[in-house]
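To start, the structure under review is shown below, and the notes come after it.
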Amino acid sequence: MAKIEIKNFNLYYADFHALKNININIEEKRVTAVVGPSGCGKSTLLKSINRINDIIEGIHTTGEINIAGSNTYDEGVDVNLLRRNVGIVFQRPNPFPISIYENVAFGLKVNRIASRKSVVDETVEKSLKDVLLWNDIKDKLRKSALSLTLEQQQRLCIARVIAVTPQIILLDEPCSSLDPIATRRIEELMIKLKDKYTIVIVTHNMQQAARVSHDTAFMLLGQLVEFDKTEKIFTNPSKKETDDYVTGRFG
Amino acid sequence: MIKFNPKLSQKLSYLLLCVAASLAIVPVLVIMFIIIKNGASAISWEFLTSMPKSGMRKGGILPAILGTLSIVSCAVAITLPIGVCAAIYLNEYAKNNLLTRIIKLAIVNLAGVPSVVYGLFGLGIFVTLLKLGVSIIAGALTLSIMELPVIITTSREALNSVPYSFREASLSLGVSRWQTIRHIVLPNALPGILTGAILSIARISGETAPILLTAAAFYVPHLPHSILDQVMALPYHLYIISTQIPNMPENVVYGTALVLLMIVLTMSCIAIVARIYFRKRRKW
């Protein structure tokens, strides 16, 4: 069964029709990449999945996004619960200006998922190990998260998401502020994480999509042009626009 | 047409601007100098801690100091929570609709009302209509209305300076809006809010017109007992002793001004130190 089913989904910023009738089925425990030129709506689509878009004024949507069979846009859906289940990592690492430990523990404590210190400690350690950050920072957990390098900060942000036990992780151009070596390491992390989580990544970087994803969606001007296995999109796409874009003729 | 040498005109305009900016320091220094020179001799432990004697020409100004402190602390206790809550609403919740625009317009207008009008308003509403009488509480309520727009504006700026990405990150972890405000936005905005609050304390400590008709008395022979008491207040006391009492020793007048000035300057210094301290600690 598809983990995320997007059905006839439309999104408007006031009068601007930003997403036009999107239909995609995103499979479980795979990495799905969303690519396309700037302004094509790929980030908007990603942010619609956990409804973090809701905080923007003047947005309205039609259609459905079903996660595990239930529509997240139904009335009475607890958005906070949804967002806990569908974590997101943003373009720029955005750790809170508090300690490394407190960053990871934040969601646990505030959402009252865990309050016993031993449980919180354990989860923090596990989450930091999952993002391969533990060994580097285990002796400075009480230091400010802003003292870390950008790559470490981005890993920390992923750990912060993992700590509240989501099933889906959305990544919005997670490497765009990192250097190529750091990018490579975050990509390796994504490949490792896909065993446990369903991952959707928006990226500008074609090679990245090719390297990390199983499926790729190509978007253009708010529309989904093509969605298929990554290999097919990059070697033998069925639409001409896709071919033009992945071969670098435009975009 | 006369052509100026560009280098010369550059120097001239630099000089002009520099002098204009430096002029701002002059009045401060002159005021400080005159007040300290004439008033320092009046300052003593007794002056600060005893009741006025012989028609206020001798003795101390303790009731006026306590009166000002009690009016100001009551005013802050009223205006700070309301102002901060209003700022949170406007900055974090309010949609850009008619109500919000009316509230914002009201705040701007409230800030522009002359202080004597607040005094008359306080007299009409708190003293007469609500029958609070001329009292600490009536004066404090009047001052708190006057200070509300300042508190709201400075608090809003402080809230606004907290990066949007912090809110986004917190909400995306499934943390509710209010919890995000409580755990992320407010702690990071607190330094700015406090600085604004301290500065407004400094400002209202010296206000005369609003308390003239609502709280201050010419002379009260005892220290304030309750918030329904009339009190003496430093700015009003200063006005009285410098205009209404014949044969007033000059150094007592200047000494009183010095005490008022010191209270205001101490507050401002605390605000400045707090701002420097928090700015250093801020890491984004």
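Values in this text are rule-based calculations from the coordinates and carry no lab data. Small disclaimer: the values here were computed from a predicted structure and weren't measured. Cβ coordinates were reconstructed from backbone atoms using ideal geometry, including for glycine residues, and neighbour counts include every protein chain displayed.
For the protein assembly as shown, the share of alpha carbon pairs falling in successive 10 Å distance bins from zero is 3, 14, 19, 17, 14, 13, 11, 6, 2, 0, 0 percent.
Beyond 27 Å between alpha-carbons counts as too far, so tell me which of A:LYS42/A:LYS143; A:LYS20/A:LYS47; A:LYS7/B:LYS95; A:LYS29/A:LYS232 fall in that bin. Write out the running numbers ahead of the final one.
On the way: A:LYS42/A:LYS143 35 Å; A:LYS20/A:LYS47 15 Å; A:LYS7/B:LYS95 30 Å; A:LYS29/A:LYS232 19 Å.
Pairs exceeding the cut-off: A:LYS42/A:LYS143; A:LYS7/B:LYS95.
Measuring r between the beta carbons of A:ASP15 and B:ASN247 and using R0 = 56 Å, the FRET efficiency lands at 0.15. Computed from point charges on the beta carbon alone (+1 for Lys and Arg, -1 for Asp and Glu), the dipole magnitude for chain B about its Cα centre is near 1080 Debye. Look at the stretch B:173-182: the mean tally of other chain Cβ atoms within 10 Å of its residues' Cβ atoms is 6.
Using the charge dipole of segment B:90-191 (Lys, Arg: +1 at Cβ; Asp, Glu: -1 at Cβ; taken about the Cα centre), state which of B:THR128, B:LEU190, B:ASN96 has its Cα farthest towards the positive end. Selected residue: B:ASN96.
Could you pull out every whole DSSP H run in chain B that spans at least 24 Å of Cα extent along its own axis and averages 1.6 or higher on the Kyte-Doolittle scale?
On the way: long enough: B:6-23 (26 Å, 0.92); B:62-88 (38 Å, 2.12); B:136-160 (34 Å, 1.14); B:186-205 (27 Å, 1.22); B:250-281 (46 Å, 1.22).
In chain B, the long hydrophobic H runs are B:62-88.
Computed over chain A with a Gaussian network model linking Cα atoms closer than 10 Å, the most mobile of A:THR165, A:THR149, A:THR203 is A:THR149. The distance between label points at A:ASN25 and A:ASN8 comes to 1.8 nm (points 7 Å beyond Cα on the Cα→Cβ vector).
Using Cβ point charges alone (K and R +1, D and E -1), the dipole size of the protein assembly as shown about the Cα centre works out to roughly 1100 debye.
Test of understanding: ordering B:SER44, B:SER205 by Cβ neighbours within 10 Å, fewest first, what list do you get? Spell out each step's value before the answer.
Numbers: B:SER44 11, B:SER205 22.
Lowest to highest Cβ neighbour count: B:SER44, B:SER205.
Pairwise Cα distances in chain A exceed 27 Å in 37 percent of cases.
Spacing of the modelled spin labels on B:TYR14 and B:ILE276, each 7 Å from Cα toward Cβ, amounts to 2.8 nm. The lysines whose alpha-carbon is closer than 28 Å to the alpha-carbon of A:LYS138, local same-chain residues fewer than 8 away aside, are A:LYS109, A:LYS117, A:LYS126, A:LYS129, A:LYS192, A:LYS194, A:LYS196, B:LYS280, B:LYS283. Helix A:100-110 versus the longest principal axis of chain A: what angle, 0 to 90°, nearest 10, using Cα atoms? Helix A:100-110 and the main axis of chain A meet at about 80 degrees.
Only beta bridges with both residues in segment A:4-246 are counted; by DSSP, about 60 percent of them are antiparallel.
Using Cα pairs closer than 8 Å and at least 6 residues apart in sequence, work out the relative contact order for chain B, in percent. Present the calculation step by step, with values, prior to reporting the outcome.
Values: 363 pairs, mean separation 76.5, N = 284.
Averaging sequence separation for qualifying contacts and normalising by length gives 27 percent for chain B.
Calculate for chain A the 222 nm mean residue ellipticity that helices alone would give, adding -39,500 (n - 2.57) per DSSP H run of length 4 or more and normalising by residue count, nearest 500 deg cm²/dmol. It would help to have the intermediate numbers written out before the result.
Numbers: 10 runs with 92 residues, N = 251.
For chain A, the value works out to -10500 deg cm²/dmol.
Measuring r between the beta carbons of A:ASP74 and B:LEU190 and using R0 = 51 Å, the FRET efficiency lands at 0.85.
Just order B:104-112, B:52-60 by mean Cβ neighbour count inside 10 Å, highest at the front, would you? Display every interim value, and only then the final one.
Values: B:104-112: 13.0, B:52-60: 15.4.
Packing proxy ranking, top to bottom: B:52-60, B:104-112.
For A:LYS140, give me every one of the aspartates and glutamates with a C-alpha distance below 15 angstrom, ignoring sequence neighbours fewer than eight places off in its own chain. Result set, ordered by chain and number: A:GLU102, A:ASP121, A:GLU125. Each 10 Å bin from zero holds the following percent of Cα-Cα pairs in chain B: 6, 22, 26, 22, 14, 7, 2, 0.
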